[in-house]
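The structure appears below as structure tokens.
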Amino acid sequence: MDRIAITGGAPLAGTIPIYGAKNSALKLQAAALLSPEPLVLENMPDLADTRFMAQLLASLGVEVAWIKEARTLRLHAADIASTIAPYDQVRKMRASFNVLGPLLARVGHATVSLPGGCAIGARPVDLHLKAFEAMGADIHIDRGYVKAAALRGLKGAEIEFPFVSVGATEHAMLAAVLADGETVLKNAAREPEIADLAECLNKMGARIEGAGSHEISIRGVASLKGARHAVVADRIETGTYALAAAAATGDVLLEGANAHHLDALWGVMRAAGVDVQEEPRGVRVRRNGRRVAPVDFETEPYPGFPTDLQAQTMALLCLADGRSRIRETIFENRFMHAPELTRLGAQIAVHGNEAVVTGVEHLIGAPVMATDLRASVSLVIAGLAAQGETVVNRVYHLDRGFERLEAKLADCGARIERLKEPRE
Ligand code: EPZ
């Protein structure tokens, strides 16, 4: 199993290109199922997860063509050959569950494995299923599978989510575009990936208004056509490299980043004493050797502080001159990086959904183990700032969501390499 070795202490200087957002790309890929015409996705991140989603779509009958040098994926669902997403595929990647809504909308039925829990929490899909039921679908759970049918088509409905869910908002949109009549989603999630999905669906002929606000209205249409769409810049990748530059010290331009999607992060980073500037080509992050200040923050749905940047921010605050409090409000088990950061000398006490981080002057490199995607990259960030060598095990988590991570960091002066063979 691959590992990543980092010799910490090298400041970062240079330019890091920001790619398309994984969490938008996966839903855009699922949208290809809605039309018999091709959907061409530009600025596609080439990741284990997006490759995996493409394979799943191929198994459903979608013609898949990667044009690697153009960072483009062409998906053509002329005919749907299968409406079944088996356990092995959904278990490996939860976003596979997102094929359910489009299949139900286009073909009238689908059988998709329930995703089950994962390392960061239970992550049920009850809100997704309630939305489909409100649109008139019959839903049965049978031996771990969701069997959904709407043989006479889905009907527009008013759906008020009891709390904000990114996945349920997107999934309801993916089904409602082909429903008969108007669907209104209340208490909808407002993440930039939702506006990106709506923009792409509208290019395909959908009639969606209000995406990015609390209330989204979708007038169903009889069919969708092909389209070409560029995936929105990855705000989590942007924030991750911003925090890496802050932790390692240096001066890095995050090229192609959309500064406005990360106001909550910039607030925390500036309070910590990091210099963040929007520039015409992206966002510049600078920090000199002075210690960062402690900051308290809590994760929230967008536009609040993203849970997907909590671990990376904790890595930076491990070096703060004082005590920071971090509250995780989205997922119930998202502090698994804390014991691993402690192995590098960090002082972190976790009580329920709150972590108290008492900054130390130096972290010291050590072997550590990644448990999920964002936790893994927080260990890379800590390793960049630590003295000596850090080896991050279970790198496959990183490959799910960060394309060319070592190359991008090494181009800015980081001493980082992938170890292909295990070293005992
Ligand atoms: C998306 O997950 C992202 N994944 C996550 O990124 C991200 O952390 C999360 O949104 C929050 O921003 C993808 O886009 C593929 P939710 P999602 O539905 O849609 C509960 C990463 O590292 N809930 O907004 O699954 C749920 O358990 C990943 O890239 C229900 O109870 O998140 C959670 O506590 C990790 N019932 C909360 O709502 C439901 O039916 C918010 O989850 C749905 C969700």
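Some observations on this one:
- Volume of the Cα convex hull of the range 74-154, divided per residue and given in Å³: 105
- Cβ-defined net charge surrounding V40, 13 Å radius [Lys, Arg +1; Asp, Glu -1]: +2
- Helix 166-176 vs. the chain, principal-axis angle (Cα, 0 to 90°, nearest 10): 20
- Summarising the strand pairing of the range 22-230, around 70 percent of its internal DSSP beta bridges are antiparallel.
- Reach of K130 by Cα under 18 Å, taken over aspartates and glutamates that are not fewer than 8 positions away in the same chain: D138, D142, E158, E160, E170, D180, E182, E215
- Axis of helix 373-385 versus longest Cα principal axis of the chain: the two differ by about 20°, to the nearest ten degrees.
- Straight-distance crosslink candidates among aspartates and glutamates, where the alpha carbon sits under 15 Å from K225 and sequence neighbours closer than 8 are dropped: E37, D79, E199
- For the range 236-286, trypsin sites (Lys or Arg not before Pro) meeting the loop criterion (DSSP other than H, G, I, E, B) and having at most 14 other Cβ atoms within 10 Å: R281.
- The string of couplings for the range 135-144 from the Karplus curve (6.51, -1.76, 1.60, θ = phi - 60°) is 7, x, 7, 8, 10, 10, 9, 9, 6, x Hz, one whole number per residue in order, with x for Gly and Pro.
- The chain - share of DSSP beta bridges that are antiparallel (%, nearest 5): 70
- Using the Karplus relation 6.51 cos²θ - 1.76 cosθ + 1.60 with θ = phi - 60°, the per-residue 3J(HN,Hα) values for the range 212-219 come to x, 10, 5, 10, 10, 10, 10, 8 Hz, with x marking Gly and Pro.
- Solvent-accessible surface of the chain, averaged per residue with a 1.4 angstrom probe and all protein chains in place: 39 square angstrom.
- R325-A70 pseudo-label distance in nm [points 7 Å out on the Cα-to-Cβ vector]: 5.4
- For A85, the residues whose amide H sits under 5 Å from its own are T111, V112, S113, ignoring neighbours fewer than 5 places away on the same chain, with H placed 1.01 Å from N.
- Shown in residue order for the range 336-347 are the 3J(HN,Hα) couplings computed by the Karplus curve 6.51 cos²θ - 1.76 cosθ + 1.60 at θ = phi - 60°: 5, 6, 4, x, 6, 5, 4, 4, 8, x, 5, 10 Hz (x for Gly and Pro).
- Its residues counted as N, the range 22-230 yields a C-alpha radius of gyration over 2.2 N^0.38 Å of 0.91.
- With every protein chain in place and a 1.4 angstrom probe, the accessible-area ranking of Y396, Y145, largest first, reads Y396, Y145.
- Accessible surface for T7 stands near 60 Å², nearest 10, in the context of the full protein assembly shown (1.4 Å probe).
- The range 22-230 - percent relative contact order, Cα under 8 Å, separation 6 or more: 20
- Only Lys, Arg, Asp and Glu carry charge here, each on its Cβ (+1 for the first two, -1 for the last two); on that basis the chain has a dipole of about 380 debye about its Cα centre.
- Amide hydrogen neighbours beyond the local backbone of L154, cut-off 5 Å, H modeled: D180
- Qualifying GluC sites (Glu not before Pro) for the range 170-266 [loop in DSSP, other Cβ within 10 Å: at most 15]: E215
- Accessible surface of H362, taken over heavy atoms with a 1.4 Å probe and every protein chain present, rounds to 100 Å².
- Counted residue by residue at 0.36 nm each, then reduced by the alpha carbon distance between them, the extension gain from Q387 to D88 reaches 103.5 nm.
- E417 contributes an accessible area of around 110 Å² to the protein surface, as traced by a 1.4 Å probe with all chains present.
- Across the range 212-318, the convex hull enclosing all Cα atoms gives 121 Å³ per residue.
- Reachable lysines from K68, criterion Cα separation under 22 angstrom, eight or more residues apart if same chain: K22, K27, K408
- Share of carbon and sulfur in the accessible heavy-atom surface of the chain [1.4 Å probe, %]: 49
- Taking amide H as placed 1.01 Å from N in the peptide plane, the amide H of M369 sits under 5 Å from that of N393, each at least 5 places away or on another chain.
- Charges were assigned to the Cβ only: +1 to each Lys and Arg, -1 to each Asp and Glu. The resulting dipole of the range 149-302 about its Cα centre is roughly 320 debye.
- Angle of helix 192-203 to the longest C-alpha principal axis of the chain, folded into 0 to 90 degrees and rounded to 10: 30°.
- Note on the chain: helix-only mean residue ellipticity at 222 nm, from DSSP H runs of 4+ residues weighted -39500 (n - 2.57) and normalised by residue number, equals -9000 deg cm²/dmol.
- Out of every Cα-Cα pair that the chain contains, those further apart than 34 angstrom amount to 30 percent.
- Percent RCO, i.e. relative contact order, over the range 266-387, from Cα pairs under 8 Å lying at least 6 residues apart: 23
The values are calculated or read from the model by the stated rules, or taken from the named source; none is laboratory data. As the structure is a prediction and not an experimental result, all values here were calculated from the model. Cβ coordinates were reconstructed from backbone atoms using ideal geometry, including for glycine residues, and neighbour counts include every protein chain displayed. SASA here: full protein model, heavy atoms, side chains in, ligands and nucleic acids out. Shrake-Rupley method; radii C 1.70, N 1.55, O 1.52, S 1.80 Å.
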